[in-house]
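Taking it in order: structure first as structure tokens, then the write-up.
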Amino acid sequence: MARPQGKLRMGYVPLPDGEARHIRQDLIFPVSGFAALDPCVGEGRALELITKNETGHRYGIELDAYRAFQAREKIGKVIYGDCFDVECRAESFSLLYLNPPYDSAANGDGPSERLEALFLQHTYRWLKPGGVLILVIPVAQLAVCGNRLSVQFKEVEVCRLSDPESVRYKQIVVFGLRRTRRKRERLSDWEISR
């Protein structure tokens with residue numbers, strides 16, 4: 001029996017270049033520079049295009065050795081390893097580009113959890129208040145990520161991606177700005193569940 005292509009590539013579904021350029025058009029970078037992280041950097045192409053011609057620091061994490069090597073050539077600072085083994089100071093980055101593997105992870109004796117939600121849960125704390133989240137996921141996973149997005153982010157926008165490869169995986173991009181701790185604490189249960 002043939003395995004889906006994403007499984008063969010460890011759930012790796014790179015963002016098409018055209019989609020990265022469209023995302024780039026929606027961003028305004030600060031003149032003073034930025035620090036951007038892609039914790040599933042792959043070959044680094046998406047982060048390279050999204051931050052092209054801007055002054056800032058680019059960082060990546062990649063589990064696959066070959067892709068980590070390729071990413072280093074494009075963005076410079078890349079950790080070859082598992083994102084879940086990386087410790088990072090909270091609120092360190094002004095941009096988090098997250099296109100996690102599209103798969104499930106076994107959870108001991110319990111039900112499996114989606115990697116999209118696990119990556120978001122592990123990395124969102126690394127984003128500064130007011131920092132920009134760019135989350136690329138299959139549309140079916142929006143509900144799995146929805147609670148964290150509604151509590152931790154404001155001005156959340158969801159856009160469908162239209163490149164044929166993106167349509168194949170039913171990808172969307174979610175933009176959000178990280179809320180301050182004070183704003184998160186002031187949210188009522190009613191506001192969160194709306």
Restricting to the range 1-41, and then to whatever is within 15 Å of residue 166 (Cβ to Cβ) and either open to solvent by 60 Å² or more (accessible area, probe 1.4 Å) or at pLDDT below 95 (or both), can you tell me which residue is farthest from the chain's Cα centre (by Cα)? 5
Which is open to solvent by 20 Å² or more (accessible area, probe 1.4 Å) and within 14 Å of the chain's Cα centre (by Cα), of 111, 101? 101
Could you list, in sequence order, all residues of the range 42-91 that are over 28 Å from residue 181 (Cβ atoms), open to solvent by less than 50 Å² (accessible area, probe 1.4 Å) and in a helix (DSSP H, G or I)? 46, 49, 67, 68, 70, 71, 75
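Kindly indicate the residue of the range 138-158 that is assigned to a strand (DSSP E or B) and either under 17 Å from residue 95 (Cβ atoms) or of a type in the set (Lys, Arg) (or both) and also least open to solvent (accessible area, probe 1.4 Å) among those meeting that condition. Before you say what the answer is, go through the steps one by one.
Taking the range 138-158 and keeping what is assigned to a strand (DSSP E or B), we get 138, 153-158.
Imposing the further condition that a residue be either under 17 Å from residue 95 (Cβ atoms) or of a type in the set (Lys, Arg) (or both) reduces the set to 153-157.
Values: 153: 3, 154: 81, 155: 129, 156: 64, 157: 111 Å².
Result: 153.
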Those residues of the range 123-137 which are in contact (Cβ under 8 Å) with a residue 40 or more places away in the chain and open to solvent by 20 Å² or more (accessible area, probe 1.4 Å) amount to 128, 129, 130, 132
Kindly evaluate residue 154 against the criterion of being over 20 Å from residue 40 (Cα atoms), among the charged types (D, E, K, R) and either touching a helix residue (DSSP H, G or I) at 6+ places or on another chain (Cβ under 8 Å) or modelled with pLDDT under 95 (or both). yes
Hits in the range 167-178 - residues which are outside any strand (DSSP E or B) and either out of contact with any helix residue (DSSP H, G or I) (no Cβ under 6 Å at 6 or more places or on another chain) or under 12 Å from residue 117 (Cα atoms) (or both): 167, 168, 169
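Can you tell me which residue within the range 115-145, out of those that are of a type in the set (Gly, Ala, Ser) and more than 14 Å from the chain's Cα centre (by Cα), is nearest to residue 27 (Cα to Cα)?
Kept after step one, since they are of a type in the set (Gly, Ala, Ser), are these residues of the range 115-145: 117, 130-131, 140, 143.
With more than 14 Å from the chain's Cα centre (by Cα) added as a condition, the list becomes 130, 140, 143.
Values: 130: 13, 140: 25, 143: 25 Å.
Among those residues, the one meeting the criterion is 130.
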Taking the stated definitions as given, is residue 109 over 27 Å from residue 26 (Cα atoms), among the acidic types (Asp, Glu), without any contact (Cβ under 8 Å) to a residue 40 or more places away in the chain and out of contact with any strand residue (DSSP E or B) (no Cβ under 9 Å at 6 or more places or on another chain)? yes
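The values are calculated or read from the model by the stated rules, or taken from the named source; none is laboratory data. Only a predicted model underlies this, so the values are computations on that prediction, with no experimental measurement involved. Backbone-built Cβ (ideal geometry, glycine too); neighbour counts: all protein chains shown. SASA here: full protein model, heavy atoms, side chains in, ligands and nucleic acids out. Shrake-Rupley method; radii C 1.70, N 1.55, O 1.52, S 1.80 Å.
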